[in-house]
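The values are calculated or read from the model by the stated rules, or taken from the named source; none is laboratory data. Keep in mind it's a predicted model, so treat the numbers as computed, not measured. Don't worry about glycine lacking a Cβ; one is built from the backbone with ideal geometry, like all the others, and counts go over all protein chains shown. Ligands, DNA and RNA are stripped out before the accessible areas are found, and what is left, the full protein with its side chains, is counted by its heavy atoms. Shrake-Rupley method; radii C 1.70, N 1.55, O 1.52, S 1.80 Å.
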Amino acid sequence: MKMQRVINKVSLLFVSISAMIGAGYLVGMFYAAKLAGPAAIFSWVLGGLMVIIVSLTFSELSSMLPLAGGIARFPQFSHGALVSYVMTWLAWIAYALITPTEVQTLLQYIGSHFPQVIHQAASGDVGLSPIGYVVAALLLIIMSTVNIYGIRLVTKFNDILVVLKLLLPLIVIVTLLFVAFHGENFTAHGGFAPYGMKGIFTSLPMAGVIFAFFGFRLSVELGGEVKNPQVALPLALIGSLVICIVLYVLLQYVFIAAIPAGALTQGWAHLTFSGDSGPFVGIAAGLGLTWLIAVLYLAAVVSPFGSALMVVTTTARVNYAMSKNGYAPQAMLKLNQRGVPYIAIIVNLIVGLILLAPLPGWQQLVGFVIAALVVSHSIVPIALVSLRKQVPNMHRPFRLPAATLIALLAFIILNLIGYWTGWHTIWKMYVIGLVGVVLLILYRFTQSRPKPPLHAKHAWWLLPYFIGMALFSYYGNFGGGKGELPFGMDMVYVAIFSVVIFFIATAQRLGPAEAEAQIERERHLFPESYNKAAEEEEIF
């Protein structure tokens, strides 16, 4: 039994759109406004453009190697098992947290009308009540059950959800634009950018801007189940981002304009109004728009549910890929009659149920998820350049122009976003990374079957990379950093450091013969992409 290529290009596009239209506009607009003021509009533009650059590196690799769980497979081919494991472990932790996060957002939003499902701490953070935990658990079980019935069913169901996901926010945009537009909000209370560039940069990870846009990557994890992946994958990656940038900019614009003046008496950082646990609902209630509240509640169910549903789908493919690489239990490779890795789905369901209980507030959780995602995905630009040198003649249906330059820029962007999450977030992410390394050691010691090589000599660059980023965060200006680096120059230092690590990492790639041998073992999964005579060797 193997995975079936049944997803068409429109459905794949909708997978990424569905992943991006989730918690972002339901609560992200509120947090972005608190952190950046009206300049939060620029946060969505800047964040979207940054993620487009990152997605370009995924486009070449995912069309060349259309495999399930691509984030785990690309570094396996370029740098071997240890690099692949460390990065995939962090990615899997982030993915495992996203589904409970989306479910928590769903319940937080309807909590303004059904307060039984939420609990608001003295700090202002909103979490789940005991009843909320039960409801959230039931939603996770439903999502997992739907996924076990097959990818075709999931994507068809998602197609319907995406139509609603696009329509409902458009109704909100048009309504607020004509009913509640306060132009003075864009200049009063400290001006357009009351907290300067620092506010804009902080909002990227901490207000869910990058969290929303990083949904693009879900289509990559389904590469092994896509029809005509050479066309479908680049279309899904770039097309979904362009659509969602436009949508989110418009939503942030009307949200800022619709905020009642009384909510800003103490400035943007202390923005508050009745019902702000569900910000758009609170605004609609203040305007007496009962029908719009109904629309928003429907959006509050459809948007996070659809996003979480697709994350359940793709996270299981990451488990599958980890097993394929040889550093996770082989049971994860088991497929049911519909070609679905059902054991992986069940494992992730159990993990999600466990993670529901200790989840902190939405903003803190999103910061952690983004830190883990950007660090783990930083290997993709490195793998792109490395594989260009390792297998230069392999057919690349989408060949990225100026690949080295764009990959380097993407690596710098990912590290800057990680730096902006702050020390309070980064140190926790590294602790989780160390836990993963310990688990790998225990797993290898307890396995009697032959163990694949770790390729440790190709992974030593991870140590200075992680130590360097930790030091920048500790002495930096974001999220609990000591503030000893001059603002502005701190980001220059991170960029220079990123350039050095990038070239060290690409130099530590596997040899061409070993990389090609690993890819050759997967040749039967993408024969249409494996044509060594298709292209001449390219010199960057």
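Of note:
- Per residue, the solvent-accessible area of segment 234-380 (1.4 Å probe, heavy atoms of protein chains only, all protein chains present) comes to 30 Å².
- For Lys451, the lysines whose Cα comes closer than 26 Å to its Cα, not counting residues fewer than 8 places off in the same chain, are Lys2, Lys324, Lys334.
- Placed amide H near Ile118: partners under 5 Å, 5+ positions off or other chain: Ser129
- Other-chain or far-sequence residues with amide H under 5 Å of Ile7's (modelled H): Val226, Lys227
- Whole-percent carbon and sulfur share, accessible surface of segment 10-104, 1.4 Å: 85
- The chain: calculated mean residue ellipticity at 222 nm from DSSP helix runs of at least 4, using -39500 (n - 2.57): -22000 deg cm²/dmol
- For Rg and Dmax of the Cα atoms in Å, computed directly from the structure shown, the correct entry in (i) 22.4, 69; (ii) 25.5, 82; (iii) 23.7, 83 is (i).
- Averaged per residue, segment 390-531 has 48 square angstrom of accessible surface, using a 1.4 angstrom probe with ligands and nucleic acids left out.
- Vicinal HN-Hα couplings computed from phi for segment 185-195 (Karplus, 6.51 cos²θ - 1.76 cosθ + 1.60; Hz; Gly/Pro x): 4, 7, 10, 7, 6, x, x, 5, 10, x, 10
- Solvent-accessible area per residue, Å², over segment 1-109 with all protein chains present [probe radius 1.4 Å]: 16
- Computed over segment 424-481, the ratio Rg/Rh where both radii use C-alpha atoms and Rh is Kirkwood: 1.12
- Near Ala68, the amide H atoms lying under 5 Å from its own belong to Gly224; only residues 5 or more places off or on other chains count, and H is placed 1.01 Å from N.
- R0 of 25 Å, Cβ-Cβ distance Leu335-Arg521: FRET efficiency to nearest 0.05: 0.85
- Within the accessible area of segment 424-505 (1.4 Å probe), percent carbon and sulfur: 77
- Rounded tilt (10° steps) of 81-110 against the dominant C-alpha axis of the chain: 20
- On the basis of the beta-carbon distance and an R0 of 51 Å, Leu164 and Phe445 show a calculated FRET efficiency of 0.55.
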